[in-house]
Ligand SMILES: Cc1cc2nc3c(=O)[nH]c(=O)nc-3n(C[C@H](O)[C@H](O)[C@H](O)COP(=O)(O)O)c2cc1C
C-alpha cells in the first residue's frame, strides 16, 4: 500500500498540533502494517509554485486541443505539477496534514492542489462527466484549529473545499481527525481536545492498516 503524506504546517512538530496528529497516525500505521510505503511531501521544504501561464497551458491546452504540442517552456513550468501528479497517481491513500488558516486550507496547500488536480493526468472529462485516472481509495485529513467546530459548520471552508475537490475526482472515502479548540486562551480544555484527536488519528490508522486494495 502506498500512502502519500502532504504536510502544510510551517511549525516544528513540538509546536504543531497537526504534525503531532500525523506522528500519531504514522506511528500507529507502521506498528500495525510495517509494509506500508509512505512518501512524505513537506510543502515548506518543497514549495509548490503558484500556477503560471505556461504551467496552465501545459495542463489544459492538450485537453482542449489534443494535437497541441506542449512547448519546452511550458514543460519546464509544469515540472512540479508532473512530479506531484505522479506521486498522486501512485498513492492508494492520501493524508493531508494542515492547520486551519482563515477558515480554510493554508495557501500553500491550495497551491499544491492547483498543481496536482490536473486534467489529462488525474482525471479526464467529457460530456458524460469526469473519469478518475488515479487509484486513490481514501483521503485522511489531519487538522488543527484554534476554535471549536461542530460538524458541517458554515465557517469551516477547509473540509468543504477538500471534500468537494476529492469527490470531483471520484474519492468519497474521506475521514478527518481534527484537533479543534487549540487556542489555549479561549479553550482551557485544549490539551484534552488534542489527546482526543490523537486517539482519533490512531483509530483511522487502524482502519488504513487493515484496508484491502
Ligand atoms: C494565519 C492564521 C490563521 C488562522 N485562522 C484560524 C481560523 O480561521 N480558525 C481557527 O479556528 N483557527 C485559526 N488559526 C489557529 C490555528 O488553526 C491553530 O493555531 C492550529 O492549532 C495551528 O495548527 P498547527 O499547530 O499544526 O500549526 C489561525 C492561525 C494562523 C497562524
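The values are calculated or read from the model by the stated rules, or taken from the named source; none is laboratory data. All figures in this text were calculated on a predicted structure; none of them were measured in a lab. Quick reminder, even Gly has a Cβ in these numbers, built from the backbone with ideal geometry, and neighbours come from all protein chains shown.
In region 1-38, which residues are loosely packed, with under 13 Cβ neighbours inside 10 Å and either over 24 Å from residue 195 (Cα atoms) or out of contact with any helix residue (DSSP H, G or I) (no Cβ under 9 Å at 6 or more places or on another chain) (or both)?
15, 34, 35, 37 - these are the residues of region 1-38 that are loosely packed, with under 13 Cβ neighbours inside 10 Å and either over 24 Å from residue 195 (Cα atoms) or out of contact with any helix residue (DSSP H, G or I) (no Cβ under 9 Å at 6 or more places or on another chain) (or both).
Give 9, 18 a once-over and let me know the one that is within 17 Å of the chain's Cα centre (by Cα), within 13 Å of the ligand (Cβ to nearest atom) and not in a helix (DSSP H, G or I).
Residue meeting the stated conditions: 9.
Kindly check whether there is at least one residue in region 50-57 that is assigned to a helix (DSSP H, G or I), at pLDDT below 95 and loosely packed, with under 15 Cβ neighbours inside 10 Å.
No, the conditions are met nowhere in region 50-57.
I'd like to check something: does region 167-186 contain any residue that is surrounded by fewer than 16 Cβ atoms within 10 Å (Cβ to Cβ), modelled with pLDDT of 95 or more and within 12 Å of the chain's Cα centre (by Cα)?
Yes, region 167-186 contains at least one residue that is surrounded by fewer than 16 Cβ atoms within 10 Å (Cβ to Cβ), modelled with pLDDT of 95 or more and within 12 Å of the chain's Cα centre (by Cα).
Return the only residue of 116, 139 being more than 16 Å from the ligand (Cβ to nearest atom), at pLDDT 95 or above, surrounded by 21 or more Cβ atoms within 10 Å (Cβ to Cβ) and over 30 Å from residue 187 (Cα atoms).
Only one candidate qualifies: 116.
Say we look at region 66-95 and pick out the residues that are outside any helix (DSSP H, G or I), out of contact with any strand residue (DSSP E or B) (no Cβ under 8 Å at 6 or more places or on another chain) and at pLDDT 95 or above; which of these is surrounded by the fewest Cβ atoms within 10 Å (Cβ to Cβ)?
Here the answer is 67.
So, in region 200-212, of the ones that are farther than 16 Å from residue 141 by Cβ and touching a residue at least 12 places away in the same chain (Cβ under 8 Å), which residue ends up surrounded by the most Cβ atoms within 10 Å (Cβ to Cβ)?
209
Considering only region 146-164, state which residues are within 12 Å of the ligand (Cβ to nearest atom) and surrounded by 21 or more Cβ atoms within 10 Å (Cβ to Cβ).
158
Starting from residues that are assigned to a loop (DSSP other than H, G, I, E, B) and under 12 Å from the mean Cα position of the chain (by Cα), keep the ones in region 96-110 and report whichever is farthest from the ligand (Cβ to nearest atom).
105
Considering only residues that are surrounded by 13 or more Cβ atoms within 10 Å (Cβ to Cβ) and within 24 Å of residue 197 (Cα to Cα), which ones fall in region 40-49?
Hits for region 40-49 are 40, 41, 42, 43.
Restricting attention to region 42-77, which residues are in contact (Cβ under 8 Å) with a residue 12 or more places away in the chain and within 16 Å of the ligand (Cβ to nearest atom)?
42, 43, 44 - these are the residues of region 42-77 that are in contact (Cβ under 8 Å) with a residue 12 or more places away in the chain and within 16 Å of the ligand (Cβ to nearest atom).
Give me the strands (runs of 3 or more DSSP E) completely within region 111-150, filtered to those with at least 1 residues that are farther than 28 Å from residue 21 by Cα and in contact (Cβ under 8 Å) with a residue 40 or more places away in the chain, ordered by residue number.
Of the strands (runs of 3 or more DSSP E) lying wholly inside region 111-150, those with at least 1 residues that are farther than 28 Å from residue 21 by Cα and in contact (Cβ under 8 Å) with a residue 40 or more places away in the chain span 123-126, 129-132.
Whether any residue in region 165-179 is over 23 Å from residue 135 (Cα atoms) and either within 14 Å of the ligand (Cβ to nearest atom) or in contact with a strand residue (DSSP E or B) (Cβ under 8 Å, 6 or more places away or on another chain) (or both) is what I want to check.
Checked against the condition, which is being over 23 Å from residue 135 (Cα atoms) and either within 14 Å of the ligand (Cβ to nearest atom) or in contact with a strand residue (DSSP E or B) (Cβ under 8 Å, 6 or more places away or on another chain) (or both), region 165-179 yields at least one hit.
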